[in-house]
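Visitor: I'd like to ask you about the structure that follows.
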Amino acid sequence: MFVTNPIGIKGEEEAAKMLEKKGFKVVEHNWRMGHLEIDLIAESKKEIVFAEVKARTSLYGEIRPEEYVDENKKRRMIAAGNAYIKLHRSDKQLRFDIIGILIHPETLEIAERSHIENAFQPSIKSVNSGFYKGRSAYKHRAR
């Protein structure tokens, strides 16, 4: 979803800073292809991170922002990651992260940050030697 609310914007800005501090360059914000979307795509020399960002102003019960990523969202992220890899023909290692940001509702100050690296892994189809010739090096499918 395209982010238009100040909480979402602030959360994605903070998540991008977190990734950059870890040595990644954010190459895409809210990357879309059809109905698929990834909040942040960041790269290092060896790795691509597909990050889902959840920003909230409070905890609902004991549920943290990053816990709102359900199995359906994970499947859509995997499909979007696969589309991105096919489009850009990258052979870098893939990683799916979830970043939770808790923001004070009145001041918009960051109250808490949580970064779950390698939050989940897609199933990967077998790769044979002919698979690398002119096509994407990875194919993902949801479990």
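The values are calculated or read from the model by the stated rules, or taken from the named source; none is laboratory data. As the structure is a prediction and not an experimental result, all values here were calculated from the model. As a convention, Cβ positions derive from the backbone with ideal geometry for all residues, glycine included, and neighbour counts pool all protein chains shown. Accessible surface is based on the protein model in full, side chains and every heavy atom, while ligands, DNA and RNA are left aside. Shrake-Rupley method; radii C 1.70, N 1.55, O 1.52, S 1.80 Å.
Visitor: Quick one: which residue in GLU12, GLU37 is of a type in the set (D, E, K, R), open to solvent by less than 20 Å² (accessible area, probe 1.4 Å), more than 15 Å from ILE85 (Cβ to Cβ) and part of a strand (DSSP E or B)?
Guide: Of the residues listed, the single one that is of a type in the set (D, E, K, R), open to solvent by less than 20 Å² (accessible area, probe 1.4 Å), more than 15 Å from ILE85 (Cβ to Cβ) and part of a strand (DSSP E or B) is GLU37.
Visitor: Which numbered condition in (1) over 25 Å from LEU108 (Cα atoms); (2) part of a helix (DSSP H, G or I) is the only one that GLY23 fails?
Guide: With (1) over 25 Å from LEU108 (Cα atoms); (2) part of a helix (DSSP H, G or I) applied to GLY23, the lone miss is (2).
Visitor: Follow-up. So, in the range 80-115, of the ones that are surrounded by fewer than 19 Cβ atoms within 10 Å (Cβ to Cβ), among the hydroxyl-bearing types (Ser, Thr, Tyr) and under 16 Å from VAL49 (Cα atoms), which residue ends up modelled with the highest pLDDT?
Guide: The qualifying residue modelled with the highest pLDDT is SER114.
Visitor: Another one. Could you tell me whether the range 57-70 includes any residue that is within 21 Å of ASN30 (Cα to Cα), within 14 Å of the chain's Cα centre (by Cα), outside any loop (DSSP other than H, G, I, E, B) and modelled with pLDDT of 85 or more?
Guide: Scanning the range 57-70, I find no residue that is within 21 Å of ASN30 (Cα to Cα), within 14 Å of the chain's Cα centre (by Cα), outside any loop (DSSP other than H, G, I, E, B) and modelled with pLDDT of 85 or more, so the answer is no.
Visitor: Just one of LEU94, LEU102, LEU108, LEU87 is within 20 Å of ALA15 (Cβ to Cβ) and not in a strand (DSSP E or B); which is it?
Guide: The conditions single out LEU108.
Visitor: For the structure I just gave you, tell me whether TYR68 is closer than 21 Å to GLN121 by Cβ, crowded, with 16+ Cβ neighbours inside 10 Å and among the hydroxyl-bearing types (Ser, Thr, Tyr).
Guide: Details: closer than 21 Å to GLN121 by Cβ: yes; crowded, with 16+ Cβ neighbours inside 10 Å: no; among the hydroxyl-bearing types (Ser, Thr, Tyr): yes.
In short, no.
Visitor: Consider the range 25-45. How many of its residues are more than 13 Å from the chain's Cα centre (by Cα) and either of a type in the set (Phe, Trp, Tyr) or within 21 Å of ILE101 (Cα to Cα) (or both)?
Guide: So the count comes out to 1.
Visitor: Mind checking which pairs have a first residue in the range 14-38 that is of a type outside the set (Phe, Trp, Tyr) and modelled with pLDDT of 95 or more and a second that is surrounded by 13 or more Cβ atoms within 10 Å (Cβ to Cβ) and assigned to a loop (DSSP other than H, G, I, E, B), Cβ under 6 Å, 6 or more apart or different chains?
Guide: Final answer for the pair search is GLY23/SER44.
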